[in-house]
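Report on one structure; see the data block that follows.
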Amino acid sequence: MVAPKTKLFGKDFISTQEWEKGELDTILAIADQLKTMWSYGYMPRILDRKTLFMLFYNASLRTRNSFEANMTELGGHAHFLDASTSYMPVLGNESVITPEGKSRERVKDAAEVLDRMGHALAIRIFGAPAGHVYGAANGLIREFANLCTIPIIDMDCDMYHPCQAMADLMTIREHIGPYNLKGKKFVMSWADAPSPWKPLAVAHSVTLLMTRYGLDVTLAYPKEFHVDPKIEQQAKENAEKNGSEFEIVHDMDEAFEGADIVYPKGWTSIDYLPPKTKEPNINKIKELLEKYRGTWTCDAEKMKKTNNAYYMHCLPADVKPGYEVTPEVIDSPRSIVIDEAENRLHAQRGILAATMGGRY
Ligand code: CP
């Protein structure tokens, strides 16, 4: 594959929608090339002495470790910053002390300081650290992007998880073949989960990306758990532009019918979070989760409706009958969740190489 000539050095990676398809192809091509080298035990030090700052407002296993491992392998270093060791940046003109006595710092100051010291800044923020206000976490990331000259990478916010989506696309291409995606039925489905706070980021980013790569995407959710209408509109336009299908259904059984790939995952209801409501209405969201408990679970019966589909999940999954997935499905031979997790390493290597190190 010959990657088209584009200018990616220094470009923010917040939503794949802000990247041309040829630019995403370039990242995938770099990721594939470096993965092949990695499999033979070779890795060029293309980020020699470069620093990636990683600002984590939320916990992580895959994201933190894949970025850290990448920076080590590419010859640079990843700095881990979290609330226990740093003054976490907040939006606004004033720094504040939280009721628990923790110091905060203005985004403006943190952004300008880190911009002088490093070569890229990756940020994870969703849920409580952003007050459960839908869009606020993405807003903070975009404020960093406005203030910094170095590239900003979204490591999962309340709207997008672009690194996960790229790893998922890489995984699908490996299992189905990069030229065999056209006409394959991909289902992004809501699933029952115990937590009322899971962001919509994966559902949004995966839907946006798969509709650009030829897959026929079915988005499934109970009406109360609808996704952001702006994302649905973008997905519809992506599908029209790329000659694929995009449909929305409100029944998990119907969605799974004839599917080649299923991706069932829980997310919260943005109808019961600010700015739609004055305060986050946790009781209402919990009530809705109970209403659907056990009916939007990915179990062996649901998988029988598919075309022997691959099972995908970004992890961590709620593995329990009545929740996101049963053990027999996630541990089955059709489950490709560990491949997805490994590809976080490889896909992000493509992103880091292109935005921090390359001449692309
Ligand atoms: N999928 C994912 O982002 O995993 P972590 O929360 O462990 O980073």
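Over region 164-340, accessible surface divided per residue gives 40 Å², non-protein components excluded, 1.4 Å probe. Separation of region 124-140 from region 170-204 is 23 Å, based on Cα centroids.
Pairs spanning more than 25 Å between alpha-carbon atoms, out of K184/K236; K241/K276; K236/K286: K241/K276; K236/K286. With K and R counted +1 and D and E -1, the other residues having a Cβ less than 11 Å from that of K11 yield a net charge of -3.
For K291, the shell of other residues with beta-carbons less than 13 Å away shows a net charge of 0, using +1 for Lys and Arg and -1 for Asp and Glu.
For region 101-152, carbon and sulfur atoms together expose 49% of the accessible surface, with a 1.4 angstrom probe and every protein chain in place. Within the shell defined by Cβ-Cβ distances under 12 Å, the residues around I150 carry a net charge of 0, with Lys and Arg each +1 and Asp and Glu each -1. The helix-based estimate of mean residue ellipticity at 222 nm for the chain, built from -39,500 (n - 2.57) per DSSP H run of four or more residues and divided by its residue count, is -11500 deg cm²/dmol to the nearest 500. At a 1.4 Å probe, what is the % contribution of carbon and sulfur to the accessible area of region 164-340? Carbon-and-sulfur percentage of accessible area, whole number: 50.
Within the chain, DSSP assigns beta bridges of which about 5% are antiparallel (rounded to the nearest 5).
The values are calculated or read from the model by the stated rules, or taken from the named source; none is laboratory data. Computed from a predicted structure; not experimentally measured. Here the Cβ is made from the backbone with ideal geometry for all residues, glycine too, and neighbour counts use every protein chain on show. Accessible surface areas use protein heavy atoms only, side chains included; no ligands, DNA or RNA. Shrake-Rupley method; radii C 1.70, N 1.55, O 1.52, S 1.80 Å.
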